[in-house]
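> Below you'll find the structure I mean.
Rule-based calculations on the coordinates, nothing more; no lab input. Please read all numbers here as calculations on a predicted model, not as lab measurements. When we count neighbours, we look across all protein chains shown, and the Cβ atoms used for this are built from the backbone with ideal geometry, even at glycine.
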Amino acid sequence: MTSSPAAPPCHSRGLPPVTGPDPRVLVLGSFPSVLSLSHGEYYGNPRNRFWAVIEDLFGISALLPYTERCQYLTGAGIALWDVIASCSRPGSADSRIRDAVPSDIAGFIRAHPTVRLIVLNGSAAGRFYHRAGEVPGIPFVILPSTSPANAAVSYKKKVRAWGVVKAACGRA
């Protein structure tokens with residue numbers, strides 16, 4: 001009996017941007033986890049610390065329903081999206097991303113000229129952003145990933161580092 005070869009991972013599409021009319025900060029992840037895609041929510045894995053960090057910095061409760069968290073987040077001037085629009089990836093590890101198609105970040109910036117800072121959630125998002133082509137004239141910063149895979153950086157250090165988002169939104 002011969003075993004059939006493993007099927008290649010399917011090409012998955014990411015989530016649409018979450019934004020208000022006048023974002024000041026664009027937070028870019030690499031690509032949503034399998035759990036986030038199945039929930040249709042950015043940072044939908046309860047072990048991801050993104051929403052906890054946002055709660056500490058902006059007072060937006062991580063326990064609120066997703067739509068309410070997003071309303072408060074966009075009201076604070078923060079937009080969410082991913083560097084990658086679609087890719088093939090078995091599982092959720094960024095290291096397994098193949099055939100990445102970049103998001104039109106420059107187009108997002110043209111449509112939202114109020115963006116003053118691009119924040120990359122982790123080094124993988126930073127690498128993919130560099131490969132896709134940085135947006136001229138918009139500063140960016142790579143912050144410690146809020147992913148549960150980034151256990152090497154303490155939660156306290158993540159909150160401190162992510163304070164630049166609060167400052168960029170004029171809430172320092």
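> Taking the Cα centre of the chain as origin, sum charge times position over the Cβ atoms of Lys and Arg (+1) and Asp and Glu (-1), and report the length of that vector in debye to the nearest 20.
440 debye
> Quick one: divide the alpha-carbon radius of gyration of the stretch 123-170 by 2.2 N^0.38 Å and tell me what you get.
Ratio of Cα Rg to 2.2 N^0.38 Å: 1.29.
> Gain in length, A149 to D99, computed as 0.36 nm per residue apart minus the alpha-carbon separation, to one decimal in nm?
Working: separation 50, 0.36 × 50 = 18.00 nm, distance 2.20 nm.
Once the chain is fully extended between A149 and D99, it gains 15.8 nm.
> Between H11 and S123, what length comes free when the chain is fully extended (0.36 nm per residue of separation minus the Cα-Cα distance, one decimal in nm)?
Answer, rounded to one decimal: 38.1 nm.
> Continuing with the same structure: From the phi angles alone, apply the Karplus equation (6.51, -1.76, 1.60; θ = phi - 60°) to the stretch 18-26 and give each ³J(HN,Hα) in whole Hz, x where the residue is Gly or Pro.
10, 8, x, x, 9, x, 9, 10, 10
> Among L35, N48, H11, whose Cα lies farthest out toward the positive end of the dipole of the chain, if unit charges sit on the beta carbon of Lys, Arg (+1) and Asp, Glu (-1)?
My answer, from the dipole projection, is N48.
> Scale the Cα Rg of the stretch 22-64 by the rule-of-thumb value 2.2 N^0.38 Å and send over the ratio, two decimals.
Output field value: 1.22.
> Shifting gears a bit: Would you calculate, for the chain, the mean residue ellipticity at 222 nm contributed by helices, counting each DSSP H stretch of 4 or more residues as -39,500 (n - 2.57) and dividing by all residues, to the nearest 500?
-9500 deg cm²/dmol
> Also, I was wondering about something else. So what's the stretch 32-107 giving for Rg/Rh, alpha carbon basis, Kirkwood Rh from the mean inverse pair distance?
Details: Rg = 13.6 Å, Rh = 13.7 Å.
So for the stretch 32-107, dividing Rg by the Kirkwood Rh gives 1.00.
> Just need the relative contact order of the stretch 12-168 here, percent rounded to a whole number, with Cα pairs under 8 Å and 6+ apart.
Once divided by the residue count of the stretch 12-168, the mean separation gives 31 percent.
> Using all Cα-Cα distances in the chain, what percent lands in each 10 angstrom bin from 0 up to the longest?
10, 40, 36, 10, 3, 1, 0
> Right, here's the next one. Quick one: length gained pulling S88 to L63 fully straight, 0.36 nm per residue minus the C-alpha distance?
Working it through step by step, the gained length comes to 5.9 nm.
> Continuing with the same structure: Mind listing the Cα extents of the stretch 78-172 along all three principal axes, in Å, largest one first?
40, 35, 17
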